[in-house]
Structures are given as C-alpha cells and as structure tokens.
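Participant: Here's a structure for you.
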Amino acid sequence: MLLAIDIGNTNIVIGGIRNGAIAFEARIATDRLKTSDQYGAEIKSMLSLFEVKPRDVEDCIISSVVPPVFNSVRTGVMKVIGKPPMVVGPGLKTGLNIQMDSPSQVGSDRIVIAVAALAEYEPPLTLLDLGTATTIEVVGKGSAYLGGCIIPGVRVSLEALTSRTAQLPGISLDRPKRVIGKNTVDCMRSGIMYGTAAMLDGMLDRVEEELGCTTTVVATGGMAQFIVPLCRREIRLEKDLLLKGLNIIYQKNRR
C-alpha cells in the first residue's frame, strides 16, 4: 500500500492507495505545535482505524504547503513505516510544463491537483480548489501550467467578517434558503455562499475571455461540495484529486 499525505493549512489529508485505488481517506488537524512523535502516533492510529498495519505500507509520498509542519510529519512517518517518504518538489517528474515566473514557488498541492486533472480531462482546464484559500489555476494544451489566482477562502472570509464587526455573529455555512436574507444570519450566509459562487462564475468568465477559449472546469477541496451547486457555470466536482495526483506522481518517480 502507498501512504499519500497532503499537508494543508487547516487539515492534513492521509490516504491509503492500493493497486491504484483509494482504500481509505482520513483527515487530521494541522497543528504547528505538534511534535514528530505526536504526528507519528496520529498517523499510526489512523492506519489502525482502517485495519492497516505499518508493515503493509510499502512507501509514502508527501506534499506540503506548511513548512513548519512538514519536518514533524515527515519524521513521524519515518518512525511509523521505517523508511523516508518521497516529497513533492523540484526534481520530481510531473509531466507539467510550468510557465510561471518562478516555477519553484508554485505550491506542491497546485502541482498535484493539475497532474490528477490532466489524467482524467483534456486541456484546457480551469481548476478550482476551495480550501483555506480559494485557488484558480489554468492548464493549457501541451500540459502547460499557465498560472492562476489566489483568493481568501470561504471560512477565512467569514472569520474576517465576524472578527471585525461587533454585531455580526458566527454562523454555520449551510446552504442559503434565498439570496435576499430576512435576518442577519441569513444575510451573512447568502453573502458568503452565493457571493463566493458568483465570484467564481465571474472569474471563470474572465479567465476564458483572457485565454480566448472555453475550458473544462474541475473543482476540489473541502468547501467545493457546498459552493459548486450554487454556481451557474458547469463545474465538475472531484473530491479525491489530491490523492489521485500523489499516486500518479509517485508512479512516475518510484524508486
């Protein structure tokens, strides 16, 4: 079994991949204060939860956008499975032609998602990741990674709104009943949820206008399942792009 780990700003996604299929997926909270021993214990506990023994893990691959946490998780993994994991970064083969000013600055999760999407869809592609940040990335023909946009995420926007306004309460991000809210909570919920959906619709129009062609739009990330149904554009929802992409990159570079 391949252990695939993506370290995000809010959650760490842990997946087990057997014969190309995702056997299990779990999430633990990202905590900059945890030690390698704590992360190792949590990873071992997750394996046990899905009845996987450490000796069943043949190898591991990690992508990370949180440098302070990366070393702790990497060391924790080594303590559990007894071997160093493969790390997504410069030097690995991805099949992408990254046309950015500084290719090394592109987040590893962006690369992983693009690789996974290209395995299932024909470019040009516009990829949405709705997590701590809402990101848009564009992949053109010839597997050319053209660039994208970074926008405050849904929960980040809500936290900023409630923390900087004295009379606005914290709310749950349920689907709004209507656009025109009839009370403070409904007004906030509509603004955050429909506002994000409308922003994505508008940004997709502008991206395609700049490209001069239509694209296949694919969305992933924790908030995608809540926001995508509110969008007017046709958007394909793929919740496991990160794990699929990690498996593909591992297969391209396996020892």
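The values are calculated or read from the model by the stated rules, or taken from the named source; none is laboratory data. Being a predicted model, the structure only gives us computed values, none of them experimental. So basically every Cβ, Gly included, is an ideal-geometry build from the backbone, and we count neighbours across all protein chains shown. Side chains are part of the model used for accessible areas, which takes the heavy atoms of the whole protein and leaves out ligands, DNA and RNA. Shrake-Rupley method; radii C 1.70, N 1.55, O 1.52, S 1.80 Å.
Participant: Is it possible to state the helix-based mean residue ellipticity at 222 nm for the chain, with each DSSP H run of 4+ residues giving -39500 (n - 2.57), the sum divided by total residues, to the nearest 500 deg cm²/dmol? What is it?
Facilitator: -12000 deg cm²/dmol
Participant: Right, something else. Taking R0 as 41 Å, what's the FRET efficiency between residue 177 and residue 32 from their Cβ-Cβ distance, rounded to 0.05?
Facilitator: Working: r = 38 Å, r/R0 = 0.93.
Once the sixth-power term is evaluated, E becomes 0.60.
Participant: I would also like to ask the following. Just the accessible area per residue of the chain, please: how many Å² with a 1.4 Å probe?
Facilitator: 51 Å²
Participant: Quickly work out the residue 251-to-residue 205 label distance, labels modelled 7 Å from Cα along the C-beta direction, and quote it in nm with one decimal.
Facilitator: So the two model labels end up 3.9 nm from each other.
Participant: Can you tell me which of 53, 177, 34 moves the most in a GNM of the chain? Springs connect C-alpha atoms under 10 Å apart.
Facilitator: Among 53, 177, 34, the largest mean-square fluctuation in the Gaussian network model of the chain belongs to 177.
Participant: Hey, if you drop one equal point scatterer on each alpha-carbon of segment 1-118 and run the Debye formula without solvent, what base-10 log of I(q)/I(0) do you get at q = 0.18, 0.22, 0.23 Å⁻¹?
Facilitator: With no solvent term, the Cα-only Debye profile gives -0.93, -1.32, -1.41.
Participant: Just how much of residue 48 is accessible, in Å², when a 1.4 Å probe is used and the result is rounded to the nearest 10?
Facilitator: 80 Å²
Participant: I would also like to ask the following. Summing Lys, Arg as +1 and Asp, Glu as -1, what charge do residues with Cβ under 9 Å from the Cβ of residue 63 carry, residue 63 excluded?
Facilitator: Its environment carries a net charge of -2.
Participant: Would you list, by chain and number, the lysines whose Cα falls below 20 Å from the Cα of residue 177, excluding same-chain residues fewer than 8 positions away?
Facilitator: Cα-Cα hits under 20 Å: none found.
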